[in-house]
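*Asks:* One structure, pasted below without further comment.
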Amino acid sequence: MSNSLKLPIQRGFGITDRVDKWWTEPFWMAFALTLTLVYTTFRVTLWDGEIQYDNHRVTSPIFSPDVIHLFDLKTPNWMNSALLILWIPFGFRGTCYYMRRVYHRVFFQNPTACVVSKPEINYRIGYKGETGLFILNNIHRYMLYLAIIILSMKIFDVYHTMHFFNGTEKEGFGISVGTVVLAVESILLLMYVGSCHAFRHLFGGSMNQWRGGISGIMGGIYIKISNINVDHSFWFWTSLGMVFIGDLFVWAVAEGIIPDPYIIII
Ligand code: FES
């Protein structure tokens, strides 16, 4: 007879023998993700008037890269750059390995948490992993390439904020608070993309051994990326949060509620 024990021992949604506040983390994750979805929906559909200031010197991270302005696209009045490009960050984050763990726990309750009983219906449905519709998660590696393009354009956006104009006259090259805000957002995004599991796989992931030459270099990079991959969840949340902090900052400056102090260096 088998001595194996199936955990949790008790059945019933949320029932557990755990004594810690196990629900705190999933609760705040659900709250944050719902808030970001609702905020983004309203911002890109109803409140998309003030997405930049100083004649596009600084653009909100939600609407960046501002492809309509950059490529002078002819679009209907209701269209904005976020509506054109948001599928890339959404697709990238939505298929992120860490994000899969979060939404399976937070929204599907499958599982609810370690050693915590899930809803009865989920015992009947079972967990089928990356099958059915979830097979689409395999596009993550391709979304990574698109995310790298978006990241490069965001870094260019930071550089763009450093060119100051007085009307059509060039005033100089400098730094404003907006530059710092967008730079922090880009750095956090760089760390998030740079700690991605699929990104790590590009370096030495498909090699049988890392010995000398190119394979040795690739192996070294793989290990370095692994070191920051440990904190992938941290980079996920901080980079996501900074998108909205940056958006609120740009919105407030564009509305004239707060200033954007700057210094000219050259
Ligand atoms: Fe999270 Fe790739 S695994 S971004």
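*Asks:* If you wrap a convex hull around the C-alpha atoms of region 1-124 and split its volume per residue, what is the figure in Å³?
*Replies:* So the per-residue Cα hull volume is 160 Å³.
*Asks:* Moving to a separate point now. Can you work out the accessible area per residue across the chain, with the rest of the protein chains kept in place, probe 1.4 Å, in square angstrom?
*Replies:* Roughly 59 Å² per residue, with all protein chains present.
*Asks:* Please state the charge dipole magnitude for region 36-79, taken about the Cα centre, from unit charges on C-beta atoms (+1 on K and R, -1 on D and E), reported in debye and rounded to the nearest 20.
*Replies:* With Lys and Arg at +1 and Asp and Glu at -1, about 80 debye.
*Asks:* Continuing with the same structure: From the residues 77, 232, 183, which one has its Cα farthest along the dipole of the chain in the positive direction, the dipole being from +1 and -1 charges on Cβ of Lys/Arg and Asp/Glu about the Cα centre?
*Replies:* It is 232.
*Asks:* Taking N as the number of residues in region 28-68, what is its alpha-carbon radius of gyration divided by 2.2 N^0.38 Å?
*Replies:* Against the empirical 2.2 N^0.38 Å value, I get 1.36 for region 28-68.
*Asks:* With viscosity set to 0.692 mPa s and temperature to 37 °C, compute the Stokes-Einstein D of region 122-229, Rh being the Kirkwood radius across alpha carbon pairs; µm²/s, no decimals.
*Replies:* 190 µm²/s
*Asks:* Ranked highest first by average number of other Cβ atoms within 10 Å, how do 258-265, 98-105 line up?
*Replies:* 98-105, 258-265
*Asks:* Please grab the % of Cα pairs in the chain that end up more than 34 Å from each other.
*Replies:* In whole percent, the share of Cα-Cα pairs in the chain beyond 34 Å is 34.
*Asks:* Let me ask something additional. Rounded, prolate or oblate: which fits region 98-142, taking a ≥ b ≥ c as square roots of the Cα gyration tensor eigenvalues, rounded meaning a/c under 1.5, else prolate when a/b beats b/c?
*Replies:* Judged from the Cα gyration tensor, region 98-142 comes out oblate (a/c at least 1.5, b/c at or above a/b).
*Asks:* Roughly what would the spin-label model give for residue 90 and residue 146, points 7 Å off Cα along C-beta, in nm?
*Replies:* It is 1.1 nm.
*Asks:* About its Cα centre, how strong a charge dipole does region 1-153 have in debye, to the nearest 20, once Lys and Arg get +1 and Asp and Glu get -1 at the Cβ?
*Replies:* Dipole size: approximately 700 debye.
*Asks:* So if I place +1 on the C-beta of Lys and Arg and -1 on the C-beta of Asp and Glu, and nothing else carries charge, what would the dipole magnitude of the chain be about its Cα centre? I want it in debye, nearest 20.
*Replies:* So the dipole magnitude of the chain works out to roughly 1500 debye.
*Asks:* State which helices in the chain qualify, where a helix is a whole DSSP H run, it must extend 18 Å or more along its own axis by its Cα atoms, and its mean Kyte-Doolittle hydropathy must be at least 1.6.
*Replies:* Helices meeting the span and hydropathy rule in the chain are 177-194.
*Asks:* Leaving ligands, DNA and RNA out of it, report the carbon-plus-sulfur percent of the accessible area of region 119-214 at a 1.4 Å probe.
*Replies:* Answer for region 119-214 is 67 percent, counting heavy atoms of protein chains only.
*Asks:* Turning to a different aspect of this structure: Can you give the Rg to Rh ratio of region 57-152, both from alpha-carbon atoms, with Rh computed by the Kirkwood formula?
*Replies:* Radius of gyration relative to Kirkwood radius: 1.14.
*Asks:* Which of 99, 192, 114 sits farthest toward the positive end of the charge dipole of the chain, with +1 on the Cβ of Lys and Arg and -1 on the Cβ of Asp and Glu?
*Replies:* Result: 114.
*Asks:* What FRET efficiency comes out for the pair residue 165/residue 123, r = Cβ-Cβ distance, R0 = 51 Å, nearest 0.05?
*Replies:* 0.20
*Asks:* I would also like to ask the following. So if each residue of separation counts as 0.36 nm, and I subtract the Cα-Cα distance between residue 134 and residue 227, what length gain in nm does that give?
*Replies:* 30.7 nm
*Asks:* Report the local net charge at residue 84: Lys and Arg +1, Asp and Glu -1, summed over other residues whose C-beta lies under 13 Å from its C-beta.
*Replies:* Summing Lys/Arg as +1 and Asp/Glu as -1 gives -1.
The values are calculated or read from the model by the stated rules, or taken from the named source; none is laboratory data. Source: prediction; values computed, not measured. Neighbour counts run over all protein chains shown; Cβ positions are idealised from the backbone, glycine included. To get the accessible areas, we keep the full protein, side chains included, count just its heavy atoms, and leave off ligands, DNA and RNA. Shrake-Rupley method; radii C 1.70, N 1.55, O 1.52, S 1.80 Å.
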